[in-house]
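Data first, discussion second: the structure below is written as structure tokens.
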Amino acid sequence: MKKLLGFVLVGGLSLGTMSQADQLTPIGARFRVGYYFGNKFTLNNGNSGSFAGPEFALDVPMGKVTKSFEFGFSPSIVLGGGLSHGSSVTGQIYRFSLTARHELSANAYMRLEAGFAHCEARGGNFSDVDDFVGGLALGYRINNAPKIVHRFDPAVEVAAYLSRHRELSGFQIGLSVSF
């Protein structure tokens, strides 16, 4: 719980510094929802397990460097095991990353992430883990969405996350929208 409060505090401080950066061009935030598939890792009893479950994230922009390159930060949470049938362990992964997003074309973009992650065990199957994490995502805008949905700039995304700890590594498939 203390670590979760730390994530919230860091996020709040980051939001406070955004108002001081007058030279930055603000852009729209994106909400992401998807399904996460984690790598297998060793449990406390010697068996192997993995995370699988829904992931929720918010990409908060801080500014643009060029017309096609923006940067910001992104808190996210993976609810492993509790809401899914494919997970062999129960727990959460909390991530707080700095992000860089580059428009590859009118419909495609790439997002790079680097930050800190905390894996919280439930049920005593494994130990909590803290480490740095990196990510790469590719997104593609859904241009033929109905007009009412199109205004939210919907996109399909595939992301991969890497860390020294297998508990924090895996991939995600999901959707994102702007607001």
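The values are calculated or read from the model by the stated rules, or taken from the named source; none is laboratory data. Everything numeric here is computed off the predicted structure, so don't read it as measured data. No Cβ is skipped: glycine too gets one built from the backbone with ideal geometry, and neighbour counts run over all protein chains shown. The accessibility values were calculated without ligands, DNA or RNA, using every heavy atom of the protein model including side chains. Shrake-Rupley method; radii C 1.70, N 1.55, O 1.52, S 1.80 Å.
Evaluate the following for Q92: is it of a type outside the set (G, A, S) and in contact (Cβ under 8 Å) with a residue 60 or more places away in the chain? Please lay out each step first, then the result.
Numbers: of a type outside the set (G, A, S): yes; in contact (Cβ under 8 Å) with a residue 60 or more places away in the chain: no.
Taking the combined requirement at face value, the residue does not satisfy it.
Quick check on my filter: what residues within the stretch 121-153 are modelled with pLDDT of 95 or more and among the charged types (D, E, K, R)?
If the condition is that a residue be modelled with pLDDT of 95 or more and among the charged types (D, E, K, R), then D130, D131 are the ones that fit.
Can you tell me which of (1) open to solvent by less than 50 Å² (accessible area, probe 1.4 Å); (2) under 16 Å from Y35 (Cα atoms); (3) at pLDDT 90 or above is the one V156 doesn't meet?
Of everything listed in (1) open to solvent by less than 50 Å² (accessible area, probe 1.4 Å); (2) under 16 Å from Y35 (Cα atoms); (3) at pLDDT 90 or above, V156 misses just condition (1).
State which residue is least open to solvent (accessible area, probe 1.4 Å) when the search covers only the stretch 41-72 and only residues that are closer than 14 Å to L112 by Cα and acidic (D, E).
My answer is D59.
Quick one: count up the residues across the stretch 163-179 that are part of a loop (DSSP other than H, G, I, E, B) and crowded, with 18+ Cβ neighbours inside 10 Å. Before the answer, list the steps.
Restricting attention to the stretch 163-179, the residues satisfying the condition of being part of a loop (DSSP other than H, G, I, E, B) are 163-165, 169, 179.
Within this subset, residues satisfying the condition of being crowded, with 18+ Cβ neighbours inside 10 Å are 163, 169.
Residues that pass the stated criteria total 2.
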